Amino acid sequence: MNRNGYERERELLLCCARTQVSPEVGHRIRALAAGQIDWDYLFALARRHSIIPLIWLQLERHASDLIPPEFLAKLKLNYQQNSARNTILAAELCHIVELLTKEAIPVIPYKGPALALFAYGNLALRRFVDLDIIVRKSDVLRARDLLLADGYAPTKSLTTTQQELLLRTQHNFQFARDNNRLLLELHWEVAPHLFASSVQEAELWLNLETITVKGTINGTEMKTLAAEDLLLSLCLHGSRHLWERLGWICDVAELISRHDLNWPALQQRAAAADSERMFLLGLHLARKLLQAPSPSEIQRRCDSDPRLESLAANVVEHLFNGPTHVPATSKEIFKYNLGVRKSLAARARYFVYMLRPTDRDVSAHQFPSSLNFAYYLTRPFRRLFKS
């Protein structure tokens with residue numbers, strides 16, 4: 001098919017990108033599926049945005065008789081493969097939680113299987129390829145040693161001095177096992193505090209909720225973030241990555257559709273941390289693209305922000321610029337990050353954040369501990385060269 005625009009494919013994708021649809025949306029799915037659809041394009045776009053499980057779910061429910069059998073079979077196979085992979089990762093998460101808990105290290109599963117169960121209610125309906133856990137900062141090095149003893153290895157070769165530097169400047173370490181078939185991120189914060197501070201480390205541990213992850217026959221009970229902390233974290237995560245994936249917007253939409261939230265407290269926390277626009281942008285995108293519910297006061301705040309709609313329009317433009325992801329340029333990243341921050345103080349913190357060395361910076365050079373400041377000096381040149 002050689003038709004330009006792909007408006008029908010994009011609309012069908014958005015109609016299907018949720019666990020529950022209204023009767024009106026269900027009828028629209030059927031109407032779109034009955035017309036001209038480039039099914040290969042739709043599949044590629046869904047794969048780019050990591051939402052094939054949702055696309056299969058809704059097309060199978062509402063339009064299976066209108067879809068080419070080979071395409072429906074392709075979706076189903078991908079769904080089954082994702083379900084099997086998620087089950088393996090859930091079992092590994094249970095193992096890791098038990099490993100750390102036995103050594104008196106409290107752990108919070110973050111994203112991955114925990115988010116699939118908490119926001120989607122079904123392990124198979126969210127695509128993820130790695131595991132994320134949060135421990136207290138004081139426990140990071142002990143947790144690292146336990147992971148190393150369990151067969152994991154850092155994805156980048158770092159000295160002890162370099163790891164201690166990153167513990168001060170970043171928010172996670174990355175590990176892999178089994179020839180990179182298992183990837184794990186060990187967090188102590190959900191985002192670097194200079195990037196945004198809506199969710200402080202101490203707050204994470206105050207209002208945890210319990211979920212059961214079935215990595216074994218009986219399942220393992222484990223703690224996860226409260227819905228409010230999780231929503232703030234998802235909005236920060238999406239903003240860090242310029243909302244480049246529709247799946248991240250689905251996470252926000254599913255969470256707020258499934259859980260009762262303390263909206264006044266959320267708004268107050270986001271405003272107090274000077275990250276209100278990041279928070280509102282995530283909600284605005286979820287409402288704009290997926291009709292996710294939000295209180296009238298939140299909608300009023302979104303409508304009254306003069307920059308929000310232009311930020312959202314830019315995100316949407318990049319979301320649907322083709323079936324292959326094109327990374328944002330350094331200029332686009334910089335412009336977005338200034339625009340998503342309201343105050344001069346927040347923008348100043350972002351400038352400082354940009355100058356703090358990452359694991360890529362420290363793995364590129366090895367300086368003695370007395371010259372740790374050299375990583376800060378080389379960081380701007382690496383950014384400039386990357387641009």
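Quick notes
- Residues considered: Thr210, Thr220. Of these, the only one that is hydroxyl-bearing (Ser, Thr, Tyr), closer than 22 Å to Ala91 by Cα and surrounded by 15 or more Cβ atoms within 10 Å (Cβ to Cβ) is Thr220.
- Lys74 falls short of the stated requirement of being open to solvent by 50 Å² or more (accessible area, probe 1.4 Å) and at pLDDT below 95.
- Condition met for Arg300 (in contact (Cβ under 8 Å) with a residue 40 or more places away in the chain and of a type outside the set (Gly, Ala, Ser)): no
- Of the criteria (1) crowded, with 16+ Cβ neighbours inside 10 Å; (2) under 24 Å from Leu117 (Cβ atoms), which one His284 fails: (2)
- On the stretch given as region 94-116, residues that are part of a loop (DSSP other than H, G, I, E, B), at pLDDT 95 or above and either open to solvent by 20 Å² or more (accessible area, probe 1.4 Å) or among the polar types (S, T, N, Q) (or both) total 3.
- Among the residues of region 194-218, the ones that are over 18 Å from Gln268 (Cα atoms), at pLDDT 75 or above and outside any strand (DSSP E or B) come to 3 in all.
- Taking the criterion of being closer than 16 Å to His365 by Cβ and among the polar types (S, T, N, Q), the residues of region 128-159 that qualify are Ser157, Thr159.
- Filter pass, Ser157 being without any contact (Cβ under 8 Å) to a residue 24 or more places away in the chain, farther than 30 Å from Arg277 by Cβ and open to solvent by 70 Å² or more (accessible area, probe 1.4 Å): no
- Residue count for region 122-139 under the criterion of being polar (S, T, N, Q) and in a loop (DSSP other than H, G, I, E, B): the result is 1.
- Within the set Arg28, Arg8, Arg85, Arg47, the sole residue that is surrounded by 15 or more Cβ atoms within 10 Å (Cβ to Cβ), in contact with a Cys (Cβ under 6 Å, 6 or more places away or on another chain) and not small (Gly, Ala, Ser) turns out to be Arg28.
- Test: residue in region 314-332 that is of a type in the set (A, V, I, L, M, F, W, C), in a helix (DSSP H, G or I) and over 23 Å from Gly5 (Cβ atoms): no
- Residues satisfying the stated conditions in region 168-182, i.e. touching a Leu at 6+ places or on another chain (Cβ under 8 Å) and open to solvent by less than 60 Å² (accessible area, probe 1.4 Å): Asn172, Phe173, Phe175, Ala176, Arg177, Leu182
- On the stretch given as region 306-319, residues that are among the acidic types (Asp, Glu) and either more than 16 Å from Arg277 (Cβ to Cβ) or crowded, with 18+ Cβ neighbours inside 10 Å (or both) total 1.
- Some residue of region 321-336 being closer than 22 Å to Arg18 by Cα, out of contact with any Pro (no Cβ under 9 Å at 6 or more places or on another chain) and crowded, with 17+ Cβ neighbours inside 10 Å: yes
- Candidates Ala91, Ala119, Ala84: the one that is assigned to a helix (DSSP H, G or I), under 25 Å from the mean Cα position of the chain (by Cα) and at pLDDT below 95 is Ala91.
- Lone qualifier among Ala227, Ala253, Ala292, Ala272 - being surrounded by fewer than 21 Cβ atoms within 10 Å (Cβ to Cβ) and within 29 Å of Asn86 (Cβ to Cβ): Ala227
- Selection within region 256-269: residues that are more than 16 Å from Leu289 (Cα to Cα), free of Cβ contacts under 8 Å to residues at least 60 places away in the same chain and part of a helix (DSSP H, G or I). The member of this set that is least open to solvent (accessible area, probe 1.4 Å) is Leu266.
- Contact map, region 272-288: residues that are in a loop (DSSP other than H, G, I, E, B) paired with residues that are among the polar types (S, T, N, Q) and open to solvent by less than 10 Å² (accessible area, probe 1.4 Å), Cβ distance under 9 Å, separation 6+ or inter-chain. Pairs shown: Ala273/Ser198; Asp274/Ser198; Ser275/Ser198; Ser275/Ser239.
Conditions (1) touching a strand residue (DSSP E or B) at 6+ places or on another chain (Cβ under 6 Å); (2) within 30 Å of Glu254 (Cα to Cα), marked per residue:
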position	(1), (2)
Glu98	no, yes
Asp150	no, no
Thr155	yes, no
Leu167	no, no
Val190	no, yes
Phe195	no, yes
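- Residue match in region 233-244 (condition: open to solvent by 10 Å² or more (accessible area, probe 1.4 Å), within 25 Å of Ala104 (Cβ to Cβ) and among the acidic types (Asp, Glu)): no
The values are calculated or read from the model by the stated rules, or taken from the named source; none is laboratory data. Please read these numbers as outputs of a predicted model, since none were measured by experiment. Because the Cβ atoms are built from the backbone with ideal geometry, glycine has one as well, and the counts that use them run over all protein chains shown. Heavy atoms of the whole protein, side chains included, go into the accessibility calculation; ligands, DNA and RNA do not. Shrake-Rupley method; radii C 1.70, N 1.55, O 1.52, S 1.80 Å.
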